[in-house]
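Below you'll find the structure, written out as structure tokens, and then a few comments.
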Amino acid sequence: MILRVDLSKHTVKKEPLPREYREKYLGGNGYGAVELYKHLKENPLIFAAGGMNGTIIPTANITGVFGISPQTGFFGESYFKGHFGTEMVFAGYEIISVVGESKKPVFLHIDGDDVSIEDAKEVWGKDAWKTEDHFKYRFGERVEVASIGVAGENQVRFACITHGYGRQAGRTGMGCLMGQKGLKAIVVRGDKPVKTKNDEKLFNRILELDHLAMGEGTEKYRVYGTPGGIKHLNDVGALPTRNWQQGSFEKAKDITGEEMKHYWKHDISCFSCPIACGKLTSSRKYKAREEGPEYETIFALGSNCGIHDFNIIIEANELCDTLGIDTISAGNLISLAFELGERGIIKDKELKFGNGKKLLELIKAIAHKKGMGADMAEGIIPFAERYDAMKYAVQVKGLEPGGFHPNGLPAYALSIAIDVRGADHQRAGAYGIDLAFSDEQRFAIAGKAKQVKEAEDYYTLFDSLGVCKFARKIYSVDFMAELWSLVIGKKVTGAELKKKAAYIYDIEKAINVRLGWTEKDDYLPERVLTMPLPDAPVKGRYINKKDFELMKREYYFARGWAKGVPKVKL
Amino acid sequence: MHIEVDCDRCIYCKTCEMVCSYVKTKEFRPSNSFIRIFREGVSGLGVHICKQCQKAECVKACRYGALKQGKKTVILDRKKCVNCGRCYVACPYHAIWEVNGKAGKCDVCLACIKYCPRFVIKVDFNDPKS
């Protein structure tokens, strides 16, 4: 079912899911893209559940949030795992589409078939965790909540949506869009069954699937969570440090996953996932207790700001989570401010790398839009332009990249430049393509554009079917096709799935074209194109502009896009 | 004997709920499961599951003879249940609730133990008095 909510008119409408949707668009990413394409003029905020959500398949639990991004002005998407997407399916809704703007703050209460728009006076102004506590106390502990914090209410451009205390749809500012609509939270509770065509066969495979998910392929995530990658990426010179000026951090050993074990309290996982990459940590110094920090947070608020104290990173992460801002964007902005401070462009002596106190202050200032935080809350392009410092700002389409230094990773550099939602590490995971080589081949560009395209299609399948990318070593395309065939009761091959994924990606690009995309928008930040990295093993590396243009052409060719524009007919 | 969950090691994946609901009702439907894991605040996990008390409050509350005190467990006869709701209120552990129009509670079938991916569910022979 599709739930259509109009906040201006205060109406709720239910529609059956069109029959072709499931086969053609799979779920999650596919639903979001096609719904946004059809209703682009209404500026909707769309929550879409993954195609295999609610089945017993390990890690199938994704929720995608889609809309026109307030941060980039282009197609915006962000995903969070946890229990929200499955609860949506148990309530009977694959898609929740919210349009219009409410004059006073409201929240959406979904209890199976009963859907209502209710007054959110009591929770407006509260942080995301307290909002969640409030609803769990009010409606019972089994409701699932997706809410925005103070930053979302204040329409900070990179505000996030928080679910389950530690799961965020952080990127592209979907929390800001939710705040613009006056929607504080969505509360879901469902008690319907999820029926697949082969329930019994799936049930008989639980032990086999769980055994796979608990195997070697996911060991890194199981033991250390995402921070397990810090050490390796630092060694290969891909850990962005001091606002992307270096590729490795000399104090990286203080912020590795192994070091995080000292602060570790508990493992937490998402629905039907045995991996449990979520690590609850606590800091006695700041009396903080939270889920994370993840790899991206440690890079953004840690190495990129020159900070190597886990206590500060944990506290900063908790502040970002409760106030509701994206840690990657916040970290990148603050590190830019630190650099501008050190270069004397901003006259503030406290702005320097490694100043943890100032970091915490700035996070609060951004969320409440006070002082310099008010400038930063508008996003990285307006902030950098104000100080005439675009050459220090690392961003594509207004979105800051995730924590892999592109200077030594050509495939990854290409993938952030051509990505539909801006500089994005999750859409292709293209750093894997480069880092698969340990020799000179890593810095070569031959054939990598096509590999990026393949990787994008592969990752689109994860986002559409709803399984987690952290289990990518067990889910090959053919294995996904096998499970998807069991779910829909119709034989599907891996090649067919890939074709569908490519089509979904075409739709997203078509949305961008409708929103005014031109070829100039697929660029790389100046720092990636001109600044040679200082440290081994990537000493002197940067992306050659000619190489980049060549790869871009190759990529458009592989996609079959003339001048980067796809042909889409819905 | 009753099922006990080690909440300090539980990862909140709800596989047990999915398995329980499928074994009992042939549907993947966690709201129909006889075990319920919940999260309170950032780090608090808890579980609702029948403790098979030795002098159970639910047995005292039942007026229709649906609940009986067995040797090692509390036995529920769903055929006799009329869903009056007295046992739901009486249980001090909130471990019995409505499933498909009648009362439902754990009958120690051990399916959740078999399928728990982190092996945190076990059988405990020290049943509480009430």
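The values are calculated or read from the model by the stated rules, or taken from the named source; none is laboratory data. Because the structure is a prediction, the values reported are computed rather than measured. Because the Cβ atoms are built from the backbone with ideal geometry, glycine has one as well, and the counts that use them run over all protein chains shown.
Taking the conditions (1) polar (S, T, N, Q); (2) assigned to a loop (DSSP other than H, G, I, E, B); (3) surrounded by 24 or more Cβ atoms within 10 Å (Cβ to Cβ) in turn, residue A:172 satisfies each one other than (2). For the residues A:146, A:169, A:159, the requirement of being away from every other protein chain (no Cβ under 13 Å), within 16 Å of residue A:117 (Cα to Cα), under 21 Å from the mean Cα position of the chain (by Cα) and touching a residue at least 12 places away in the same chain (Cβ under 8 Å) singles out A:146.
For the range A:208-223, the tally of residues that are surrounded by fewer than 19 Cβ atoms within 10 Å (Cβ to Cβ) and within 7 Å of chain B (Cβ to nearest Cβ) stands at 1.
There is no residue in the range A:65-83 that is among the basic types (Lys, Arg) and more than 25 Å from the chain's Cα centre (by Cα). Within the range A:235-270, being within 22 Å of residue A:355 (Cα to Cα), touching a residue at least 40 places away in the same chain (Cβ under 8 Å) and not hydrophobic (A, V, I, L, M, F, W, C) holds for A:240, A:241, A:242, A:243, A:245, A:246, A:247, A:248, A:251, A:254, A:259, A:263.
Does the range B:89-103 contain any residue that is within 14 Å of chain A (Cβ to nearest Cβ), out of contact with any helix residue (DSSP H, G or I) (no Cβ under 9 Å at 6 or more places or on another chain) and either charged (D, E, K, R) or within 27 Å of residue A:273 (Cβ to Cβ) (or both)? Taking every residue of the range B:89-103 in turn, none turns out to be within 14 Å of chain A (Cβ to nearest Cβ), out of contact with any helix residue (DSSP H, G or I) (no Cβ under 9 Å at 6 or more places or on another chain) and either charged (D, E, K, R) or within 27 Å of residue A:273 (Cβ to Cβ) (or both). Residues in the range B:13-30 that are free of Cβ contacts under 8 Å to residues at least 12 places away in the same chain and within 7 Å of chain A (Cβ to nearest Cβ): B:22, B:27, B:28, B:29.
Among the residues of the range B:114-129, is there at least one that is within 14 Å of another protein chain (Cβ to nearest Cβ), in contact (Cβ under 8 Å) with a residue 12 or more places away in the chain, in contact with a strand residue (DSSP E or B) (Cβ under 7 Å, 6 or more places away or on another chain) and closer than 30 Å to residue A:206 by Cβ? Yes; the residues of the range B:114-129 include at least one that is within 14 Å of another protein chain (Cβ to nearest Cβ), in contact (Cβ under 8 Å) with a residue 12 or more places away in the chain, in contact with a strand residue (DSSP E or B) (Cβ under 7 Å, 6 or more places away or on another chain) and closer than 30 Å to residue A:206 by Cβ. When residue B:42 is tested against (1) at pLDDT 90 or above; (2) in the same structural domain as residue B:1 (by TED's automatic domain parsing); (3) in contact with a Gly (Cβ under 8 Å, 6 or more places away or on another chain), exactly one condition is not met: (1). On inspection, residue A:42 qualifies as surrounded by fewer than 23 Cβ atoms within 10 Å (Cβ to Cβ), under 20 Å from residue A:509 (Cα atoms) and free of Cβ contacts under 8 Å to residues at least 60 places away in the same chain. Scanning the range A:39-97 for residues that are outside any loop (DSSP other than H, G, I, E, B), over 22 Å from residue A:166 (Cα atoms) and among the hydroxyl-bearing types (Ser, Thr, Tyr) turns up just one, A:97.
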